[in-house]
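Read through the structure below, which is laid out as C-alpha cells, and then see the notes.
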Amino acid sequence: MTAAPIEAGCHGGKAELREAARAAGMNETIERYAADYPLGPHDQPQSMCPAFGSLRVGLRMRRTATVLSGSACCVYGLTFTSHFYGARRTVGYVPFNSETLVTGKLFEDIREAVFKLADPDLYDAVVIINLCVPTASGVPLRLLPKEIDGVRIIGIDVPGFGVPTHAEAKDVLAGAMLAYARREAEQGPVQAPRAGRTERPALALLGEMFPADPVGIGMMLEPMGLAAGPVVPTREWRELYAALDCPAAAAIHPFYTASIREFEAAGRTVLGSAPVGYEGTAAWLEAVGSAFAVPRAMVDAAKDRALPPIRGAFERAPVRGRITLSGYEGSELLVARLLVESGADVRYVGTACPRTPWSEADRDWLETRGVMVQYRASLEHDLAALKEFRPDLAIGTTPVVQRAKEMAIPALYFTNLISARPLMGVAGAGALAQVVNAALANTARFDEMRAFFGEAASC
Ligand code: SF4
C-alpha cells in the first residue's frame, strides 16, 4: 500500500489523491466512478462532504450498522451533520495514523471492528465507508469477508475526489446493496417484504422522497391495476429484494446510475422523469402504462383521475414572479417544471447533479420553455444567474440565499423548504405554490428595507 498525503482533502490535492488511489490499486473504482458520475463540462460543485450521502442511507436503515474509516476531522464533520439531521444512531469509527495506514494495520483494525459488530441478532448488514485518505491509500475493503454469521458486510469507497456530490454517494451505497441483494436473490429464496407481497404488479421508486409522495404515486397507479413498490434507498434490507422484484423502476431522482445498473441487470425497465405537474404526470402515466403493457382504457382512467385535480390546484394557487432555482438534491428540474406550470417565470435551474438519460425529458421540456438548465452547477453559475436575471425569488443553497438576501431579493432554501414538501401529483401542485407565494409576498418588505438602507443594504 502507498501512503497518501494525509493533509490533502476536500480543500485541495484532489488530483494527487486520485493518482495515489490509482497507484494503490484502486484504479477500477476510480474509473467506475468517473463513468457513473461524470464531471464536466464543469468542475465538481461546492457542497458538503459527499460521503454524507452514503452515511445517511446506511443510518436510515433498520438493523444496519455503519462504520467510517477516515481522518478524524472528516468523521467529526460527518457525524455532526448526521446528528444535525436527527440520525439518532451510533456511527462506528476506526481511527488510524500514518503508521497503521502504511503498514496495513488499519485494514486489520477495520476487519476486527467488523467481526466485533457483526451480530446477527442485531444486524442484517454492516456498512464500512472508506473516506478520502483510506481510499487514496488503497485500504482494500473488498478483502473483507462478504458475510459474517449471516450479517452482510458492505465495504464502499466514497472519496470526495471520486464521487462528486452527496446525492451520488447515496447511489454508491444503494447500488452496492442492490448488487448484493440481487446476487442473493439469484442464489435462492429470500425474505418477503414485512407487509407481504403486493397482489398488483408494483413500480419501484428510486430517490428519497417526501413520505406522502409514494402514497400519492400509489393512488395515481391504482386505476391501472398497479401499485407503488419500495422506495430505494430502502429502510430495511428485505425491501431490496421487493424492489428488484418489481417489473419496472421509476428513476424519480435521475442520478442513481449504479442502482439503475442493478435494476437493468435484473431485467427491469427503468423510466425517467416523474409525475409532476399536469404535463409531467400525463407523460409519466403514459410511460408507466407502456412499461407494464396496461390497456389504453386503464391508462386513460388513471389520467382522468389524476390530471383534473392538478389543473385545479394550479388554477387555485398560481405563482406570479421571476424565479431562479438551484440545489444539490437531484429534484431541481422537477421543481422547476412545477413552478413553470404554476405560472412562474423560471429563468434558470442549476443542479449539482450530472446530466443523465433519466432527466432528459425534463431538460427538454424546460429548455423548450426558455429555461436555462445547468448541470453540475457551481456556486459561481448560480450567482451569475442571480445577477443576470434579478429574480423576484431565488431558491437555492445557503450561499445563494445569503447573496440573494444581500441583494434584497426574497429567497428560499431548497433543501429545507422545497424538498421537504410533496412534489408529485395534486399534492405537489398545491404545496409548492403555498411556500413560494408566501416568500414572493416578502418582496415589498425587501423593497422597503432597500429604500431605508440604500447602498448599505447590498454592500
Ligand atoms: S472525506 Fe469528505 S471531508 Fe474528508 S477530505 Fe474527503 S471530501 Fe473532505
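The values are calculated or read from the model by the stated rules, or taken from the named source; none is laboratory data. Quick caveat, the model's predicted, so the values are computed rather than measured. Cβ sites come from the backbone with ideal geometry, for glycine too, and all protein chains shown count toward neighbours. Areas reflect the complete protein model, heavy atoms only, side chains present, ligands, DNA and RNA absent. Shrake-Rupley method; radii C 1.70, N 1.55, O 1.52, S 1.80 Å.
In the chain, with Lys and Arg counted as +1 and Asp and Glu as -1 at Cβ, which of these residues, S137, S342, L386, has the Cα nearest the positive end of the dipole, that is, farthest along it? About the Cα centre, the residue reaching furthest to the positive side is S342. What does the charge count near L271 come to, summing +1 for each Lys or Arg and -1 for each Asp or Glu among other residues with Cβ under 14 Å from its Cβ? Residues near L271 contribute -3 overall. Of the peptides 410-416, 23-29, the ranking by mean beta-carbon count within 10 Å, highest at the top, reads 410-416, 23-29.
Would you kindly give the portion of the calculated P(r) for segment 212-302 that falls above 16 Å, as a percent of all Cα pairs?
54
Take the Kirkwood radius over Cα pairs of segment 247-351, plug it into Stokes-Einstein at 10 °C and 1.306 mPa s, and you get 104 µm²/s for translational diffusion.
Dividing the summed -39500 (n - 2.57) terms of all DSSP H runs of n ≥ 4 by the residue count of the chain sets its mean residue ellipticity at 222 nm at -14500 deg cm²/dmol. Using the Cβ of R261 as centre and a radius below 14 Å, the other residues enclosed give a net charge of -1, where K and R count +1 and D and E count -1. On a per residue basis, segment 200-344 carries 32 Å² of accessible surface, using protein heavy atoms and a 1.4 Å probe.
Inter-label distance, K405 to E388: 2.6 nm, where each label sits 7 Å from its Cα along the C-beta direction. Using only side-chain charges placed at the Cβ, +1 for Lys and Arg and -1 for Asp and Glu, the dipole size of segment 82-186 relative to its Cα centre rounds to 180 debye.
The label point for D304 and the one for V435, both projected 7 Å from the Cα toward the Cβ, are 3.5 nm apart.
Residues whose amide H lies under 5 Å from that of A344, counting only those 5 or more places away or on a different chain, are V319; hydrogens are built 1.01 Å from N in the peptide plane. Each Lys and Arg contributes +1 and each Asp and Glu -1, all at the Cβ; summed about the Cα centre of the chain, the dipole is approximately 640 debye. Structural descriptor for the chain: relative contact order 14 percent, calculated from alpha carbon pairs under 8 angstrom and at least 6 residues apart. For segment 248-325, with all protein chains in place and a probe radius of 1.4 Å, 52% of the accessible heavy-atom surface sits on carbon or sulfur. Taking a point 7 Å out from the Cα of N416 in the direction of its Cβ, the residues of segment 78-96 whose backbone N falls within less than 15 Å of it are 84-86.
Ignoring lysines fewer than eight residues from K146 along the same chain, the ones with Cα atoms less than 27 angstrom from its Cα are K105, K116, K170. Taking label positions 7 Å along the Cα-Cβ direction at both Y76 and E186, the computed distance is 4.4 nm, reported to one decimal. Protection proxy ranking for 376-387, 319-330, using the average of other Cβ atoms within 10 Å per residue and placing the highest first: 319-330, 376-387.
Note on segment 195-240: dipole from Cβ charges, positive end direction compared against M224, M209, T198; the farthest Cα belongs to T198. When the alpha carbon gyration tensor of segment 366-416 is reduced to an equivalent ellipsoid, the three semi-axes, largest first, read 18, 12, 11 Å. Peptides 50-62, 87-99 ranked from most to least packed give 50-62, 87-99, packing being the mean of other C-beta atoms within 10 angstrom over each peptide's residues.
When restricted to Cα atoms, the chain yields an Rg and a Dmax of 22.9, 72 Å, respectively.
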